[in-house]
Amino acid sequence: MSENGRGPNSVDKRKPLALGIVGGLIGIYLTPINPIIGPLLAALGAVCGIVWGADAIARVASYGLGTGVPSIGYMSLAFSLVGALSGLSVAVYLGTSYTWIGPVLGVVLAMIVGAIVAGLGLTVLKMKIPILMRCTIELAGAASISVLGFSAAIAGSYAMPNILHSVIIPGYIALFFILNTMAIQHPFNACLGPNENRTRTLKLAFSTAFIAMAITGVIAMPFSSAWYVIAIVGAIGWFVSITSFIQASKDEAALVKWTGWWPHEEGEDFDKEVKEIKEA
Amino acid sequence: MADPIIAGLGVVALMGAAATISGAAEDLESDVGSMSNPNSQVQLAPQMGNLHRIFNKAVSGEPVQMGTMAGIAGSVAFVLLSLNLPVIMALAGGAAFAALIHTTFATTSHLGRTVSVSKFGQPLFLDVVTEHLGPIAGHGFIVTFTIIGVSYLMTLPIQGFAHPFPLPMLAVLWGITIGAIGSSTGDIHYGGEREYQQYPFGGGIPVRIHGDITRKAELGARNSLDAVNFCAKYGGPVTGFCFGAIVFFSFWSTVVGGIFGSVTGTILPGNSDSNTALAVGTTILFIIIILIIIINNRMEVFARNKYGPYLK
Amino acid sequence: MVVDPLILIGAVAVGGVLIGGGVHFIPVGGAPAAIATATGVGTGTAMLAAGGGMTGLITAAAATTSPLWLVILAGGAGSALMLGITMLVGNWVYIWGVGCVPSSAKVTHDPITKYEQSKFVTPGTEGHGIPTVCFVSGIIGGLLSGFGGALAYYFLYYSLIATPGYAIPSGAYVSLGAATLAGTFALGLFFVNSVIASYNIGGTIEGFHDPKFARLPRAALACIIASAIVGALGVLLVQGGSF
């Protein structure tokens, strides 16, 4: 087993990482440029983060964590969400000229907590997963970027007071916790099995990320003038990615049939049973 | 003006009724889709040489799935309420939107898991996807609609309610709870009985028969709609009872306790009066918990006497 | 009330240990229990604990304006009530739906009722259902984790409302922003600690009589460190109220 978990069945792990960090942070930092384009870019940044997270979770969960794939997803989202909001809060404390430090500090704080939790898992709980440390840190980064991106898309800014008003007080923050968990863990959890193909898994990751973006667009309606742009771009992205996922599934399936029996029993077994029933 | 405690009890009863429907629908939804823990057997079956026509809905655990769907429904309903739509329409709109999202997650997990066991020859039947999506979305709609209904009632400024959490957050919290309940109670009826119906009733499932699930129905291949027909007779209703009882009793601390003072959530300040009320209400909850322990023990004794030990 | 940052960190750390420790008491059998092959509730460790915790959080938050002891008791009662009813109805399904007697293969006699177990276990399984000892253990677990979540919620809420950004608006009695943020924080604390505990348990546990219960100190250490770090993030969150 290679470091990637499954040897040849993986994509170059640097690509999702670069996409997540660079794409995610650029998207979040470009939020204030324009009231329409800015939130759209922030939501796209969150999409990049989710795809990165989906790849990281696929690598670590290939080892078998003992409690299923989703567990590490919601654990990472839990501390990353708190970490991301703490980063934004520190920026408030430092003063308005330091607002820019918030998102990057949030991501860094989340990654530090991720490192500590993974370290505890390896040392105190004696888990035998060599890539746990790296993947938990990556997941923490991805999760915090996804939360920050969607929050900034709704608030139209990455400053804590705006996010407090339009994301925390309406309770959307709890939705982002569970929705982003779903978006990050679903691709690998849904494609789990001996014939899992990482490229197909990542196609599904784009689909879950874009559907989360479309939902974010819809719920941004009371707070953002860019809501329909986010929702429509998310829906288009979802349609393209899910079409390609369904095509990939049809290509890789053992057999695609509209209806009918499974192969082995079309013949003798079934006929024998019918005969038995008639005799009885 | 009606007595606030009677009014509060009425709202609690309504919430309990909604939660009962919600719980029953949640369990049946997980049976139509074959999800959560019993799905491990559906996943294992092809590996054991047992190909099947059962839906394979591996959308994480039920708590995360239901939390997400209820959260989406609650958030969209929140948006529609902010547009001053009538409450019932806003709740239905939110639940309908969540049902659409639900079908995409169901489809992708069936495709994903089925194709990932292609090594064992499991075919991808497209009619299995199409004929199950309707019931999945329908049951999901009932669950999310009733959950956000309960959450909405909780936020109303009535004595004993007026919860400080906003609607989307309450929807997520109740969604996670209903998922945990559904996968702990009703699913056992599906996993422990319906999946292994070719084996005699009255016992656990030994490890050696794992994966040998019942794949044929009275006529033709069994699909997950047959499973839900069966579980609707016991697993679903008791899950509904469970969630209904939890929602109903968890408000006794603020509503029934309200006889001794007014517990008012966000609409009045806390005072010694409301503290007495809450203390009494919480004591009632602890008494209920002790009663539950005794009832459980009586049931265990009943089963031991009725069924007796296994014969060698 | 002004909460000292160190008290906040301490409260969150204690809350985290209570949650992580409570999870060890909750009898969960995972996928095997869902098909009546193992004793306990047929779902995952973290999920059942979180489900109970959410009910506890809702009942605790309903008591937001009350003193600490009431918030904590309300949280514990809600959480234990959810676990109690869930286990009771789970047993209904085991007894009348699957037709088996609640029993455990890990002990010869139930430590509480002294009932003999092995004769009632289906051959080839590790037990099924939730016998009295597991039930009582689950109630204790629910109480502990409910206490823990409510503790963290209470202290973060009172830390937040002391700041100008989250202060209670005039004419209201609860700060909605502070309640939601503290609730989300407690939700996060639940998931972090229940997952750490479930990694320590590694699948299934039957309660305090299970041999795996001896691993509790390890999880307590991991939970106290992780929660203290999360508590430190909570202190940073409070700083965000200074606008």
Check: Rounded if a/c is under 1.5, else prolate if a/b is larger than b/c, else oblate: which is chain A, with a ≥ b ≥ c the root eigenvalues of its Cα gyration tensor?
Finding: prolate
Next item on the list: Treat each spin label as a single point 7 Å out from the Cα along the C-beta direction, and report the A:Val104 to C:Ala172 distance in nm.
Entry: 3.5 nm
Next item on the list: Starting from the Kirkwood radius over alpha-carbon pairs of the protein assembly as shown, derive D by Stokes-Einstein at 37 °C in a medium of 0.692 mPa s and give it in µm² s⁻¹.
Entry: 125 µm²/s
Margin query: I want to check the label-to-label distance for A:Phe239 and A:Trp258. Put each point 7 Å from Cα in the C-beta direction and report it in nm to one decimal.
Written below: 2.5 nm
Notebook entry, point to check: Packing-wise, with mean Cβ within 10 Å as the measure, how do B:147-156, C:23-32, A:94-103, C:218-227 rank, highest first?
Noted result: C:23-32, B:147-156, C:218-227, A:94-103
Item checked: Exercise: per-residue mean of other protein chain Cβ atoms within 10 Å, A:182-190 -> 6
Margin query: Using Cβ contacts closer than 10 Å as the measure, can you line up A:Lys203, C:Lys114, B:Lys216 from fewest to most?
Written below: C:Lys114, B:Lys216, A:Lys203
Next item on the list: Just name one of B:Val143, B:Gly186, B:Gly74: the one whose Cα is farthest towards the positive end of the charge dipole of chain B (beta-carbon charges, Lys/Arg +1, Asp/Glu -1).
Entry: B:Gly186
Checklist line | Peptide A:110-123, shielding by other chains (average Cβ, 10 Å cutoff) | finding: 3
Notebook entry, point to check: What average number of partner chain Cβ atoms lie no more than 10 Å from the Cβ of the residues making up C:164-173?
Noted result: 2
Check: Based on Cβ point charges of +1 for Lys and Arg and -1 for Asp and Glu, what charge dipole magnitude is obtained for chain C about its Cα centre, in debye rounded to the nearest 20?
Finding: 160 debye
Check: Hey, what do the phi angles of the stretch B:280-289 turn into as Karplus ³J(HN,Hα) couplings, whole Hz, using 6.51/-1.76/1.60 and θ = phi - 60°, x for Gly and Pro?
Finding: 5, x, 5, 4, 4, 4, 5, 5, 4, 4
Margin query: Taking 0.36 nm per residue of sequence separation and subtracting the Cα-Cα distance, how much length would be gained by fully extending the chain between B:Ile284 and B:Ile209, in nm to one decimal?
Written below: 22.5 nm
Notebook entry, point to check: Non-local amide H neighbours of C:Val41 (under 5 Å, H modeled in plane, Pro and chain starts lacking H): which ones?
Noted result: C:Val28, C:Gly29
Next item on the list: Find the centroid of the Cα atoms in the stretch B:226-265 and in the stretch A:90-166, then give the distance between the two in whole Å.
Entry: 37 Å
Checklist line | Relative contact order for chain C, counting Cα pairs under 8 Å that sit 6 or more residues apart, in percent | finding: 34 percent
Check: Which values of log₁₀ I(q)/I(0), to two decimal places, follow from the Debye formula for the stretch C:5-237 at q = 0.11, 0.13, 0.16, 0.18 Å⁻¹ with a uniform point scatterer at every Cα?
Finding: -0.54, -0.71, -0.97, -1.14
Notebook entry, point to check: What percent does the relative contact order of the stretch A:129-263 come to when contacts are Cα pairs within less than 8 Å and at least six residues apart?
Noted result: 19 percent
Check: Of A:Lys128/C:Lys106; B:Lys57/C:Lys106; A:Lys250/B:Lys119; B:Lys216/C:Lys119; A:Lys126/B:Lys119; B:Lys57/B:Lys119, which pairs sit farther than 22 Å apart, going by alpha carbon to alpha carbon?
Finding: A:Lys128/C:Lys106; B:Lys57/C:Lys106; B:Lys216/C:Lys119; A:Lys126/B:Lys119
Note to self: Could you list A:Ser225, C:Ser159, B:Ser184, A:Ser166 so that the one with the fewest beta carbons within 10 Å of its beta carbon is first and the one with the most is last?
What the structure shows: A:Ser225, A:Ser166, C:Ser159, B:Ser184
Checklist line | For the stretch B:130-146, 3J(HN,Hα) per residue [Karplus equation, 6.51 cos²θ - 1.76 cosθ + 1.60, θ = phi - 60°, Hz, x = Gly/Pro] | finding: 5, 6, 8, 4, x, x, 4, 5, x, 5, x, 4, 4, 4, 5, 4, 6
Notebook entry, point to check: P(r) for chain B: what percent of alpha-carbon pairs falls in each 20 Å bin, starting at zero?
Noted result: 30, 50, 19, 1
Checklist line | Distance from the stretch B:36-77 to the stretch A:216-254 (C-alpha centre basis), Å | finding: 21 Å
Item checked: Computed [θ] at 222 nm, helices only, for chain A once each DSSP H run of length n ≥ 4 contributes -39500 (n - 2.57) -> -23000 deg cm²/dmol
Notebook entry, point to check: When B:Glu218, B:Glu131, B:Glu195 are ordered from fewest to most other Cβ atoms inside 10 Å of their Cβ, what list results?
Noted result: B:Glu218, B:Glu131, B:Glu195
Note to self: For a protection proxy built on the mean count of beta-carbon atoms within 10 angstrom, sort B:300-307, C:231-238, B:89-96 highest first, please.
What the structure shows: C:231-238, B:89-96, B:300-307
Next item on the list: Excluding B:Gln159 itself, calculate the net charge of residues whose Cβ lies under 15 Å from the Cβ of B:Gln159, where each Lys or Arg counts +1 and each Asp or Glu counts -1.
Entry: -2
Check: Using a Förster distance of 56 Å, how high is the FRET efficiency between A:Ile37 and B:Leu156, based on the Cβ-Cβ distance and rounded to 0.05?
Finding: 0.90
Next item on the list: Please report how far the C-alpha centroid of the stretch B:84-153 lies from that of the stretch C:39-72, rounded to the nearest whole angstrom.
Entry: 27 Å
Note to self: How charged is the neighbourhood of C:His209? Take every other residue with its Cβ under 9 Å from the Cβ of C:His209, and add Lys/Arg as +1 and Asp/Glu as -1.
What the structure shows: -2
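Coordinate-derived values only; no laboratory data. It should be emphasised that the depicted structure is a prediction, and the values quoted were computed from it without experimental measurement. Using ideal geometry, Cβ is built from the backbone for each residue, glycine included, and neighbour counts are taken over all protein chains shown.
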